[in-house]
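> I have a structure here, written as structure tokens, and I will follow up with some questions on it.
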Amino acid sequence: MPDAPTPEVPLLPAALHAVPGRGVTLLPDTERQVLGGPGSLTRQLSGVYDDVTERVRVALRVPADLPARRAHPWTLLTEHESPLWPLLALKDPPPLTAAQVARLVRHLGSAHQAMPADRARQLGAPGAGAPPDATDALIATLCGGAPPTWAALLAGLLTARAHHLLLGSWGVLSAFVGAHPDLRVQGARQLRAALLADPALAARPADLARWTLWSALTPLHGGADPPGTLEEAVRLSRGLRSLPQRTQAQALPDPAALAAHLRAWLPDLPDADLDRHAAALHAGQAGGPGDAGVGLALLVRPGRAAYWLRVGSQVQLIVSEAGRGEAGAEWVVWSWQWFRPPGARLPGRGRG
């Protein structure tokens with residue numbers, strides 16, 4: 001039997017570029033004999049997930065909704081982890097497919113309670129097992145149809161959990177973020193890129209927590225490099241909570257005046273875009289017909305983001321100023337009552 005790896009040489013960082021491949025289920029006693037202290041890559045990923053997401057939860061001051069989970073009573077051994085894998089696979093043929101393994105890594109990595117090991121073969125089998133959920137869809141989109149790597153699985157799981165923990169932080173952008181799942185994909189891509197550029201990040205939970213939260217906050221900073229501390233990322237996450245108290249309402253200006261306001265706040269946008277957005281707002285198209293409260297992204301660039309939101313009879317402009325690596329961000333909200341000529345209906349209200 002080969003020498004067991006030591007905790008001083010973590011396996012997960014070295015495997016982030018690899019695809020898990022096929023697998024077999026493994027009980028704890030066999031896992032210790034084959035892999036030693038660190039355990040399987042799946043168990044390592046689960047440990048990283050627990051450590052990082054708990055750091056993010058505590059930093060965001062989100063109450064725990066479940067007690068700390070216990071170690072799962074079984075794990076996976078994938079085909080590139082040990083030279084003993086073929087022998088173990090012969091004891092329980094046929095081995096799990098790569099697709100089943102990816103689903104099981106996702107399950108064991110984040111589920112609070114593991115399904116029985118004898119049900120593992122059902123997961124991902126045609127016509128059986130749990131249907132794909134939002135996290136499965138996130139990972140599939142992140143990989144563009146290719147088999148997920150360990151980095152993609154870890155980034156997808158961490159991003160999904162971070163977005164869940166941020167539910168109370170989006171404020172007036174809640175509807176917009178909820179209606180645009182591509183924002184989660186953008187965040188997961190940033191996190192996966194960070195893991196692949198610095199695989200040792202998977203062995204530094206404090207740094208990985210900072211990257212995880214910052215990547216999930218992509219709608220607020222547009223893809224800027226992360227700040228130096230987790231606390232600075234937390235500060236950005238709290239920026240939207242106080243916006244309603246800082247809102248000053250006034251009548252929606254005419255299109256020319258509105259374009260001038262936009263030009264002062266968004267010098268990045270071409271004049272043609274400013275005029276088009278100003279005209280669209282007066283036509284009641286801030287978020288498209290029937291999309292009241294969802295809004296429109298005017299600008300999302302590294303360090304800078306701006307959104308129009310239509311909420312009831314108001315239009316709100318949210319502008320984020322967050323330079324690369326800067327601590328925090330400055331937020332400004334404008335809220336105007338819709339300009340309504342006598343006898344005219346409010347945009348987005350009713351059909352006729």
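> Determine whether region 143-152 contains at least one residue that is hydrophobic (A, V, I, L, M, F, W, C), open to solvent by less than 10 Å² (accessible area, probe 1.4 Å) and at pLDDT below 95.
no
> Here is a further query. Checking Ser169 against (1) in a loop (DSSP other than H, G, I, E, B); (2) in contact with a Cys (Cβ under 7 Å, 6 or more places away or on another chain): exactly one of these is not met. Which one?
If we test Ser169 against (1) in a loop (DSSP other than H, G, I, E, B); (2) in contact with a Cys (Cβ under 7 Å, 6 or more places away or on another chain), just (2) comes out false.
> Mind listing whichever residues of region 202-236 are part of a helix (DSSP H, G or I), among the aliphatic types (A, V, I, L, M) and buried (at least 22 other Cβ atoms within 10 Å of the Cβ)?
Of everything in region 202-236, those that are part of a helix (DSSP H, G or I), among the aliphatic types (A, V, I, L, M) and buried (at least 22 other Cβ atoms within 10 Å of the Cβ) turn out to be Ala202, Leu208, Ala209, Leu213, Ala216, Leu220, Leu230, Ala233, Leu236.
> Looking at Leu274, Leu296, which is the one that is at pLDDT 80 or above, open to solvent by 40 Å² or more (accessible area, probe 1.4 Å) and not assigned by the TED database to the domain that holds Leu213?
Sole residue among the options that is at pLDDT 80 or above, open to solvent by 40 Å² or more (accessible area, probe 1.4 Å) and not assigned by the TED database to the domain that holds Leu213: Leu296.
> Any idea how many residues of region 60-87 are surrounded by 18 or more Cβ atoms within 10 Å (Cβ to Cβ), aliphatic (A, V, I, L, M) and part of a helix (DSSP H, G or I)?
1
> Within the set of pairs 6 or more residues apart or between chains, which connect a residue that is assigned by the TED database to the domain that holds Leu153 and in contact (Cβ under 8 Å) with a residue 60 or more places away in the chain inside region 176-199 to a residue that is among the acidic types (Asp, Glu) and open to solvent by 50 Å² or more (accessible area, probe 1.4 Å) with Cβ atoms less than 9 Å apart?
Listed pairs, sorted by first residue: Ala179/Asp291.
> I'm trying to understand the selection: among the residues of region 25-56, which are in contact with a Leu (Cβ under 6 Å, 6 or more places away or on another chain), modelled with pLDDT of 95 or more and β-branched (Val, Ile, Thr)?
Correct list: Thr42, Val52, Val56.
The values are calculated or read from the model by the stated rules, or taken from the named source; none is laboratory data. Here the structure is a predicted model, which means the values were calculated and not measured. Cβ sites come from the backbone with ideal geometry, for glycine too, and all protein chains shown count toward neighbours. Ligands, DNA and RNA are excluded from the accessible area calculation, which covers all protein heavy atoms including side chains. Shrake-Rupley method; radii C 1.70, N 1.55, O 1.52, S 1.80 Å.
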